[in-house]
Amino acid sequence: MRTHWHDLWGCSRGPVVRLVPQTRLLLGGAAFATCMIAPATTLTGGLVIAVTVAAWLAASRPPMKTVFGFALLGLLLFVPTLLLLPLMPPNGVRAAAGWKHGFVASANLLVRGMSGVLISMATIASVSVSDLREGLTRLPLPGIVSAIVVQIVHQTATLFYETKRVASAMAVRGASGGGRAAWQVLWSLPRVWLPRIVDRADRVADAMELRGYCEGEALSLRSSRMRAADWAALALALAVLGLAVVIRGRGVT
Amino acid sequence: MSEPALAFRNVSVCYESSAARTLSDVSFSVAAGERVALLGLNGSGKTTLLKSAVGLVPHEGEIRVGDTVLARQTLPKIRERIGFLFNVPEDQILFPRVADDVAFALVRQGRPRDEISARATEVLHSLGIGHLAESPVHHLSHGQKQRVALAGALVAVPKLLLLDEPSAGLDPPGKNVLAHLLAGLDAAMLIATHDLAFATRLCTRFIMLERGRVAFDGTDTAEVLRDWE
């Protein structure tokens with residue numbers, strides 16, 4: 001069975017799921033920040049990034065198929081930046097140095113991009129959408145922010161299914177077989193599909209208004225008290241983040 | 001005599017995008033505990049009428065819910081008293097987990113956590129979907145979503161229920177459960193529906209809308225059926 005993107009939420013089975021949702025979100029955020037701060041093209045910085053990504057993947061333990069899928073996506077997104085190397089001007093330095101400079105910039109982008117993709121995936125896998133809501137509610141964020149973030153995730157899944165239904169209808173009505181009919185349907189799709197999305201957005205806005213969704217504080221049903229394991233995990237994540245800051249600040253290679 | 005649960009007096013609604021009035025000079029009332037079916041062909045104004053009762057569309061004339069006149073200042077108070085079911089259940093399900101969505105009205109009221117869980121579970125069981133409490137809503141069928149949305153409308157025991165096509169998408173056993181459940185409630189109800197069998201089983205009075213006007217308001221089902229056909 002195919003896995004859709006929203007099935008990714010909460011699909012991990014690693015030890016991190018035993019922590020409360022807000023801790024999982026904070027750990028994911030700290031891991032992401034570590035990978036963005038540590039210098040990607042030095043030995044120490046690269047090691048910190050590699051260990052952080054590996055540790056977060058091991059703690060979250062999403063399905064291997066998903067990990068490989070996202071790794072492939074990251075490669076597809078960021079490896080093509082290497083193709084830009086021949087286009088980079090030497091910029092007054094020797095050609096070899098110019099190439100090296102360009103390669104370092106591209107490698108930097110590749111390492112950061114790949115680590116960002118993998119950590120985001122593992123973070124999403126470690127929280128279900130309900131956990132996301134719980135976690136955001138418990139964090140010191142304005143209620144409206146968590147309400148809107150959760151609604152974006154929730155409604156995106158709804159739209160995904162709606163798009164699938166439209167695609168099925170197109171297939172049944174002969175629009176996927178190519179030819180003139182397919183072009184005719186494809187041509188009219190934006191004029192049919194977009195107003196549907198706008199209509200749906202209107203109706204959801206009505207329901208949110210009527211149910212008082214964005215009024216007052218976002219409240220939570222579940223108890224999510226942080227325990228010793230949560231504090232220990234956060235301390236470790238902050239220590240690694242601090243290490244990344246120090247390595248960058250002092251220019252450790 | 002007690003206040004009607006809902007009263008429309010010369011209510012008209014005109015959308016900005018349309019020159020014609022969607023509702024025109026509509027007057028009726030629903031007594032406390034009364035169950036009224038709102039009938040009419042597609043585009044006759046049933047959904048607009050329900051939406052106008054909760055201030056989702058601007059109106060002219062007077063709408064009263066209990067002793068309160070609908071106005072900008074009274075909207076929150078009025079909406080708290082009403083259980084509303086939209087005609088597309090997906091639109092009003094705002095939480096990814098069934099139990100969270102159903103419990104939302106009680107959470108907003110600041111009720112104790114244990115009470116909220118117990119009440120949400122009770123409503124879900126009464127609608128035959130107790131086993132779905134922990135399910136993600138995206139994995140539910142249309143009929144199941146319809147029941148989740150209904151549970152969310154019923155959970156706070158509102159005095160007035162405005163239901164837009166509540167039986168749409170339900171299988172025959174589901175319709176039976178729903179009719180039985182609604183018949184056992186004390187709330188006044190205004191039920192917009194095309195399902196005459198469901199309406200005649202549940203309601204004691206019928207209002208027929210035709211092009212935004214009340215064409216019939218009475219209790220005689222024979223007359224309703226004649227007009228309908």
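All of the numbers you see were taken from the coordinates with simple rules; none came from a lab. Everything numeric in this text was worked out from a predicted model, so none of it was measured. Ideal geometry is used to build each Cβ from the backbone, glycine not excepted, and the neighbour counts take in all protein chains shown.
Of note:
- Given their separation in residues at 0.36 nm each and the Cα-Cα distance between them, A:VAL246 and A:LEU47 gain 70.2 nm when the chain is fully extended.
- Here r is the Cβ-Cβ distance between B:ALA215 and B:GLN109 and R0 is 35 Å; the resulting FRET efficiency, rounded to 0.05, is 0.35.
- Charge tally around B:ASP186: other residues with Cβ under 14 Å, Lys/Arg +1 each, Asp/Glu -1 each, net +2.
- Which listed pairs, of B:LYS46/B:LYS77; B:LYS77/B:LYS145; A:LYS164/B:LYS175; B:LYS51/B:LYS159, have C-alpha distances above 20 Å, in listed order: B:LYS46/B:LYS77; B:LYS77/B:LYS145; A:LYS164/B:LYS175
- Region B:1-111 - Kirkwood radius from inverse mean 1/r over Cα pairs (Å): 15.6 Å
- Relative to the current alpha-carbon distance between A:MET64 and A:ALA107, full extension at 0.36 nm per residue lengthens the span by 13.0 nm.
- Region B:57-124: Cα Rg divided by the 2.2 N^0.38 Å rule of thumb: 1.34
- Whole-Hz couplings from phi, Karplus 6.51/-1.76/1.60, listed for region B:38-48; x for Gly and Pro: 9, 10, x, 6, 4, x, 7, x, 4, 5, 4
- For region B:100-229, the relative contact order works out to 19 percent when only alpha carbon pairs closer than 8 Å and six or more residues apart are counted.
- Hydrodynamic radius (Kirkwood) for region B:1-57, which is based on Cα pairs only, to one decimal in Å: 12.4 Å
- Working from label points 7 Å from Cα in the Cα-to-Cβ sense, the A:ALA169 to B:ARG226 distance is 4.0 nm.
- Within chain B, helix-based [θ] at 222 nm, where runs of 4 or more DSSP H residues each add -39,500 (n - 2.57), nearest 500: -10500 deg cm²/dmol
- Label separation (B:ARG9 vs A:VAL79): 7.5 nm, computed from points 7 Å beyond Cα along the C-beta direction.
- Applying 1/(1 + (r/R0)^6) with r as the Cβ-Cβ distance of A:ASP202 and A:ARG225 and R0 = 45 angstrom yields a FRET efficiency of 0.70.
- Rg then Dmax, both in Å and based on the Cα atoms of region B:102-173: 12.2, 36.
- Equivalent ellipsoid semi-axes - Cα gyration tensor, the protein assembly as shown, angstrom: 53, 27, 20
- Once both labels are positioned 7 Å from their Cα atoms along Cα-to-Cβ, the gap between B:ASN42 and A:VAL145 label points is 4.5 nm.
- Chain B gives an Rg/Rh value of 0.96, both radii derived from C-alpha positions and Rh following Kirkwood.
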